[in-house]
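Only one structure is covered here, and it is reproduced in the block below.
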Amino acid sequence: MYEALTFSALLGRMLERVPSDVDKREGSVIYDALAPAAAELAELYAQLDMNLALAFAETSSAEFLDRRAADFGVIRQAAVQAKRLGRFYGTGGGPVDVAIGSRFAADGIYFAAQSRLAAGEYEMVAEQPGTAGNEPYGNLLPVDYIGGLARAELIDIRIPGEDEEADAELRARYLYRVRNPSSGGNAADYRNWALEVSGVGGAKVKPLWNGAGSVKVVIVDSGKQPASPALVMEVADYIETVRPIGAEVTVVSATAKEIQVEAVVTLAPGYALQAAADAFALAVGLHFRSLAFAANYVSLAQIGQLLLSVPGVLDYTSLLLNGGTANVALAAEEIPALAGVDLEV
């Protein structure tokens, strides 16, 4: 709004107000008197422009976006710790129990046994909040000696850890809230309630799916993958505390629709097929994430565009999705998942 009010523009306007018979050249008394004021005014207008952007959600950021969103009850989600499945074995190879609170390390991340799930199986909570707790797999090393323990391993992610909610994600939740106002338990309410649970990356609501008063909420995790049973239960428990009286709510995970991608490609000189396949798989995986609950099919044409965008790929033929040359339909509760990429030359 104020981008035209630069130092030069402001100084020019100020000098125009000075009579023409007065020396206004650079270095003159009038010029040197007005230049500092023009510089300060230009800085002021720059700050006003920034403050104007911070006043609106679509251009705001950081704490100012927090304040804007809080007016409508949308609070930035804090970083949360990953909850993992740990298994513990004794010297004979059988399961062995460990004390609650026992600490273990894997790849520089520390985990503590939080609750016993079964013999030798525990829910392990990462001490460091954020996505770092999702990464280690395999051997767990005890911080302190544990008698009878021969081997420990870190396996599945029960509830993924998440970093503090980014501005883009908070903005999307805020805009959805104000553009889809709640109304005593309508579909928008159930979607908002599901997204308020840390670890949920998307939700789809199906009202009256099983008769009057029934609601089904389908969720994915923060990585736009099928949600774990633990996350499904956490969302169901939370919605039970906020839903209207009489509603019968069912929370389920989305189902992964695996898609195999095949093609024959023409590579530019100096490019390796494996490198192109890896880059293509990464691009398709990111594309599939964007389609979760946002599309009801996977487009063959869009996959072709992604293939042509891979460095070194000049052209392609025989592009197939699950062995066919048509779009792949997605059912109401399905999200696309990459089964694999097979490129040939």
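Rundown of residues vs (1) surrounded by fewer than 14 Cβ atoms within 10 Å (Cβ to Cβ); (2) in contact with a Phe, Trp or Tyr (Cβ under 8 Å, 6 or more places away or on another chain), yes/no style:
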residue	(1), (2)
Thr266	yes, yes
Tyr271	no, no
Ala292	no, no
Leu300	no, no
Ile303	no, no
Leu307	no, yes
Pro311	yes, yes
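Checked against (1) over 22 Å from the mean Cα position of the chain (by Cα); (2) buried (at least 17 other Cβ atoms within 10 Å of the Cβ); (3) not small (Gly, Ala, Ser), Leu208 passes all but a single condition, namely (2).
Note on the range 76-127: among residues that are among the hydroxyl-bearing types (Ser, Thr, Tyr) and not in a loop (DSSP other than H, G, I, E, B), the one that is farthest from the chain's Cα centre (by Cα) is Tyr89.
Could you please find all residues in the range 164-210 being aromatic (Phe, Trp, Tyr) and closer than 23 Å to Glu334 by Cβ? Within the range 164-210, Tyr176, Tyr190, Trp193, Trp209 qualify. Each residue in the range 290-345 was checked for being of a type in the set (Gly, Ala, Ser) and closer than 23 Å to Pro226 by Cα, and 11 pass. Among residues of the range 170-188 that are on the phi > 0 side of the Ramachandran plot, those with a Cβ under 8 angstrom from a residue that is in a loop (DSSP other than H, G, I, E, B), sequence gap 6+ or separate chain, pair up as Gly184/Pro244; Gly185/Arg243; Gly185/Pro244; Gly185/Ala247. Scanning the range 48-92 for residues that are farther than 24 Å from Ala105 by Cβ, surrounded by 13 or more Cβ atoms within 10 Å (Cβ to Cβ) and touching a Lys or Arg at 6+ places or on another chain (Cβ under 8 Å) yields Ala57, Ser60, Leu65, Asp66, Ala69, Phe72, Val74.
Just so you know, all these numbers are worked out from the coordinates, no wet-lab data involved. Computed from a prediction, not measured in an experiment: that's the story for all the values here. Using ideal geometry, Cβ is built from the backbone for each residue, glycine included, and neighbour counts are taken over all protein chains shown.
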